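Taken together, the values in this text are just the output of simple stated rules run on the coordinates, not laboratory data. From a predicted model like this one, the values you see are computed outputs, not experimental measurements. Here the Cβ positions follow ideal geometry from the backbone for every residue, glycine too, while neighbour counts run over all protein chains shown.
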Amino acid sequence: MSLRRWLTQVSALMTKEWKQLYRDRALLSFVIFIFTLDILLASGAPALDLKQTPIGIIDRDHSALSRELIYKLPAQQFTVVPMADQDQAVSHALERGELRGVLTIPHGFEKDLLRAQSPALQLVVDASDANLGFLLSSYTERILFTLSGELVGGQAAAQGRPVVLPQIDIQSRTRFNPSLTESWYATLSELLTMVTVACILLPAAALVREKERGTVEQLLVSPLSPLQIVLAKAFAMTSVVLLGSLVAVGLVMHQLVGVPFVGSPWVFFSLIALYAITSSGLGVLASTFARNSGQVGLIVVLLVMPIIMLSGTWSLRESMPDWLQNMVAFSPMTYFVDIAYGVLLKGSDMAVLWPKALKMSLLGLAFWALGVYRFQRQFR
């Protein structure tokens, strides 16, 4: 068979897949949602910082310094709620989630500070959200440290003594996200997640659909090889993922959310196509273990969840144990996360990215070889 005829047959099958996707309104709606509204919703997800977090204040000292301490709690991070000095009221407010923490300023707070003693303040934190609890306690401790430093310095200056305080001069330079905008990270992570889901689910669903309708046998008895059938479905779904990624990045992320696009669009979308084809091998492999759409959905969830959770989008790979890091190295998404952040936010080019792209391609070849082999064996 000539190469031209081989490619013509594959393109005809791809056209068939596009038509079937268009007629499957449920799957088409899902694809549209994950590349548009889902990305936009991710930009408004809860940020990993404090924003007007309600904190109760019990001021037993009622002094100028206690009022100054309360005043120093920034309104952008804290919403100060004066509390009655009643343990039961404090307990109920924390249990109902009305407060995230309660700061108690004791009697003699001002006198102890003026005598260079260390007053004992009590901070009760709701740590049901561990990250929020850690941020609340660390913010409050930093404010208290700043206040005590200012007070000691002011006392020394009033008495004509030199201020002897240890000082560390830190000059920070924030690169790639100077304003520390959380929505940039959230939307990009959601894009990588949805691209991974689509790349695995769509080819798997297309192949299982043929099994359910009994048309896969008709395709196999036609002058088509199993490789052509599988490639046509994977290439058709890759083009859908590319189109969805173009809308998600160009319209939703860049225009609506304001995520920058520092690198080359050609490099980025070429590597998305490579990642889509690589991950499609997992979809082909998943379809060989399923007999219907329900089964393929469960198998895809079983594959996708550990890939997403452990590949570096929502957790740091460096914090994982060594054995888990070695396992995650077999996930194509592990390499694509670095590629996507490198191109979009850092402006990396292929001179930097080619080792990760090569590893991702080798994994894709292995998945494709195993998937096509199992697909052939099913119908012998």
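General remarks:
- Between helix 350-378 and the chain: long-axis angle, C-alpha atoms, 0 to 90°, nearest 10: 50
- Segment 1-60: trypsin sites (Lys or Arg not before Pro) in DSSP coil with no more than 11 other Cβ atoms inside 10 Å: Lys51
- Helical mean residue ellipticity (222 nm; -39500 (n - 2.57) per DSSP H run of 4+; nearest 500) of the chain: -20500 deg cm²/dmol
- Most mobile listed residue (Leu219, Leu353, Leu192) in the chain, GNM with C-alpha springs under 10 Å: Leu219
- Cα-based helix-to-principal-axis angle, 332-341 vs the chain, degrees rounded to 10: 60
- Derived scalar couplings ³J(HN,Hα) [segment 259-270; Karplus, 6.51 cos²θ - 1.76 cosθ + 1.60; whole Hz; x for Gly, Pro]: 5, x, 10, 7, x, 7, x, 5, 5, 4, 6, 5
- Rg(Cα)/(2.2 N^0.38 Å) for segment 36-131, N = residue count: 1.33
- Reach of Lys211 by Cα under 28 Å, taken over lysines that are not fewer than 8 positions away in the same chain: Lys16, Lys19, Lys233
- Helix axis angle, 3-23 relative to the chain longest principal axis, alpha carbon, degrees: 60
- Remark on Gly101: its backbone amide H falls under 5 Å from those of Gly56, Asp126, a criterion applied only to residues 5 or more positions apart or on other chains, H modelled at 1.01 Å from N.
- Largest-first ellipsoid semi-axes for the chain, taking √(5λ) over the Cα gyration tensor eigenvalues, angstrom: 58, 22, 17
- GNM remark for the chain: springs join alpha carbons under 10 Å apart, and the peak mean-square fluctuation among Gln117, Gln325, Gln77 falls on Gln117.
- In straight-distance terms, cross-link reach from Lys346 covers every one of the lysines whose alpha-carbon lies under 26 Å from its own, apart from those fewer than eight places away in the same chain; here that gives Lys356, Lys359.
- If the convex hull is drawn through the Cα atoms of segment 204-262, its volume per residue in Å³: 96
- Percent of beta bridges antiparallel (DSSP, the chain, rounded to nearest 5): 30
- Residues of type lysines that Lys51 reaches as a straight line, Cα spacing below 20 Å, ignoring anything fewer than 8 places off in the same chain: Lys72
- Amide H contacts under 5 Å for Thr53: Phe78, Thr79, restricted to partners 5 or more places along the chain or on a different chain, H placed in the peptide plane at 1.01 Å from N.
- Computed over the alpha-carbon pairs of segment 183-304, the distance histogram in 10 Å steps reads 13, 40, 28, 15, 4, 0 percent, short to long.
- Coordinate range of the alpha-carbon atoms in segment 297-354 per principal axis, descending: 36, 29, 18 Å.
- Candidates Thr15, Thr313, Thr146: whichever shows maximal mean-square fluctuation once the chain is modelled as a Gaussian network with Cα springs under 10 Å: Thr146
- Under DSSP loop assignment and at most 16 Cβ neighbours within 10 Å, longest chymotrypsin sites (Phe, Trp or Tyr not before Pro)-free interval of the chain: 1-175
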